[in-house]
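Heads up, the thing below is written out as structure tokens.
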Amino acid sequence: MHETPGGGAGYVVRPIPRERQPVLDRLVGASRRFQIHALVELDVTRPQARIVDAEPRVSWTGFIVATMARAVALHPEVNARRAGNRILLFDRVDIGATVERHWEGRTVLDILEIRDADRKSCAEISDLLHRTKYGPGQPHRATGVTAPLLRLPGPLRRTAIRMAATRPGVAATFGPAVGVTSIGMFSRGWGWAIPLAPLTVIATVGGIVERPAVHEGRVVARPLLPLTLTFDHAVVDGAPAARFVETLRDLVETAAVFDDPPEQPS
């Protein structure tokens, strides 16, 4: 990476890494959205025991992604994206998961697109996440209309992307509408959510902590997992968002994904 000395002022100047540009574009796009945030704590006593005993290995993020996908399949109205004055509804449940990995001496953020996530087991998704984190990384080659847009200068590129996103055929190429990001390994308790376009639903996974909770009429210490769920209000209203959250709560707390084999494509 080329560095420019700061003229003896005690600093150097580095260019923004090229792989960081899409993140900046997504942040700019998200600043134009109307976001709903739901902060929930989930009792993970049952899934904690299932994950410990799981064979092959299951990670917490893999469990959450698989469970999130099952919830999305039950609430297809959240698996959508705004395209101008129209709503684009996806007919398959794909989930985007952020993965931090080391590459060429630097730590970079990669995006793993998990296709048909509702048809994959926790172990399969955990393995995909592990291979992305420690493997060579996924090539994210832009195709179609997106490729020439990414070669434009920043302000012009973002304007062009915003205009192109009003076309359903282009908006459909912008990746999944649902994403999961985990900061549990860096934080104990609540995390924070950074809305990114073009995601309609984002689940930010915090760190598990033991807190007092009422269980069977007694106050006991229970492992609680904090989730921040962010919805694009232009696509999802409050009531559907609340129903989705309650479905996700039930699926997580019962560890239902371990007992419900993934549906196979017909």
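Does the range 77-87 contain any residue that is in a helix (DSSP H, G or I), in contact with a helix residue (DSSP H, G or I) (Cβ under 6 Å, 6 or more places away or on another chain) and not aromatic (Phe, Trp, Tyr)? Spell out how you get there, then give the answer.
The initial filter retains those residues of the range 77-87 that are in a helix (DSSP H, G or I), namely 77-78.
Subsequent filtering for residues that are in contact with a helix residue (DSSP H, G or I) (Cβ under 6 Å, 6 or more places away or on another chain) retains 77-78.
Within this subset, residues satisfying the condition of being not aromatic (Phe, Trp, Tyr) are 77-78.
For the range 77-87, residues in a helix (DSSP H, G or I), in contact with a helix residue (DSSP H, G or I) (Cβ under 6 Å, 6 or more places away or on another chain) and not aromatic (Phe, Trp, Tyr): present.
Counting only residues that are in contact with a helix residue (DSSP H, G or I) (Cβ under 9 Å, 6 or more places away or on another chain) and touching a residue at least 60 places away in the same chain (Cβ under 8 Å), which one in the range 88-108 is most open to solvent (accessible area, probe 1.4 Å)?
It comes out as Phe90.
Go through Val209, Val214, Val235 for me and flag whichever is closer than 11 Å to Val44 by Cβ, open to solvent by 10 Å² or more (accessible area, probe 1.4 Å) and among the β-branched types (Val, Ile, Thr).
On the way: Val214 fails: closer than 11 Å to Val44 by Cβ; Val235 fails: closer than 11 Å to Val44 by Cβ.
One residue alone meets the criteria, Val209.
The values are calculated or read from the model by the stated rules, or taken from the named source; none is laboratory data. These numbers come from a predicted model, not from an experiment. Cβ: placed from backbone, ideal geometry, glycine included. Neighbour counts: every protein chain shown. With ligands, DNA and RNA removed, areas are computed over all heavy atoms of the protein, side chains included. Shrake-Rupley method; radii C 1.70, N 1.55, O 1.52, S 1.80 Å.
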